[in-house]
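Report on one structure; see the data block that follows.
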Amino acid sequence: MATEKAISTHQELWELFTAYKTEVKSNPRHVYVLAQKFGEMVKQPCEVPLTKEGFYNYCANKEIISTLKDYFSNRDSRYSEYVPICTRILDEIRQDQIEGGMVGQYNPSITQRLNGLADKQEIRSEVKTVHKIGYGSKQD
């Protein structure tokens, strides 16, 4: 027994993402920074990065669907036709985060961790202990 999907086509999902992207990029957050020239705090706009969670919440807040997790995980293979669009959405989000981190627009450390790009180094240390065991007579 098939049930009707909240988002009926993959094109509709793409249009929702495009609307989310437009809304996010046209509504910056603001931070206060010290203006050296004036010696006072000034409000400065900061672009908001795209996130998967932000897109999920955008759709929920618009009362379109409470969660998109089934679409992105292809639950029970019911959302196979959405897989290419979901992949493209995730790729665009990742691109925004990585490029924003690379130019210092977003916190590079956070964008690295979110996208599995953290520089991982394996450090090995080896301790060798040498024991000298002497036989024979004591020398005075």
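The values are calculated or read from the model by the stated rules, or taken from the named source; none is laboratory data. This one's a predicted model, so the numbers in the text were calculated from it and none came from an experiment. When we count neighbours, we look across all protein chains shown, and the Cβ atoms used for this are built from the backbone with ideal geometry, even at glycine. The protein model used for the area step is the full one, side chains on, heavy atoms only, and it has no ligands, DNA or RNA in it. Shrake-Rupley method; radii C 1.70, N 1.55, O 1.52, S 1.80 Å.
Taking 0.36 nm per residue of separation and subtracting the Cα-Cα distance, full extension of the segment from residue 78 to residue 29 would add 13.9 nm. Take every pair of alpha-carbon atoms less than 8 Å apart whose residues are at least six positions apart; their mean separation over the length of the chain yields a relative contact order of 17 percent. Given a 10 angstrom Cα cut-off, can you work out which residue in 95, 11, 36 is the most mobile in a GNM of the chain? Maximum among the listed residues: 36.
Per residue, how much accessible surface does segment 30-140 expose to a 1.4 Å probe? Answer in Å², no decimals. Could you put the intermediate results ahead of the total?
On the way: 9100 Å² over 111 residues.
Averaged over the residues of segment 30-140, the accessible area is 82 Å².
Pairs of Cα atoms nearer than 8 Å and 6+ residues apart set the relative contact order; for segment 1-63 it is 27 percent. I'd like the carbon and sulfur percentage of the solvent accessible area for the chain, probe radius 1.4 Å, heavy atoms only, ligands and nucleic acids excluded. So the carbon and sulfur contribution to the accessible surface is 50 percent. Determine the calculated [θ] at 222 nm for the chain from helices alone, applying -39500 (n - 2.57) to every DSSP H run no shorter than 4 residues and normalising by the residue count; nearest 500 deg cm²/dmol. Here the helix-only value at 222 nm equals -12500 deg cm²/dmol.
Which residues make up the longest stretch of the chain clear of chymotrypsin sites (Phe, Trp or Tyr not before Pro) that lie in a DSSP loop with no more than 10 other Cβ atoms within 10 Å, not counting the sites? Longest gap between qualifying sites, sites excluded: 39-134.
Spin-label model, residue 105/residue 36: points 7 Å from Cα along the beta carbon direction are separated by 2.4 nm.
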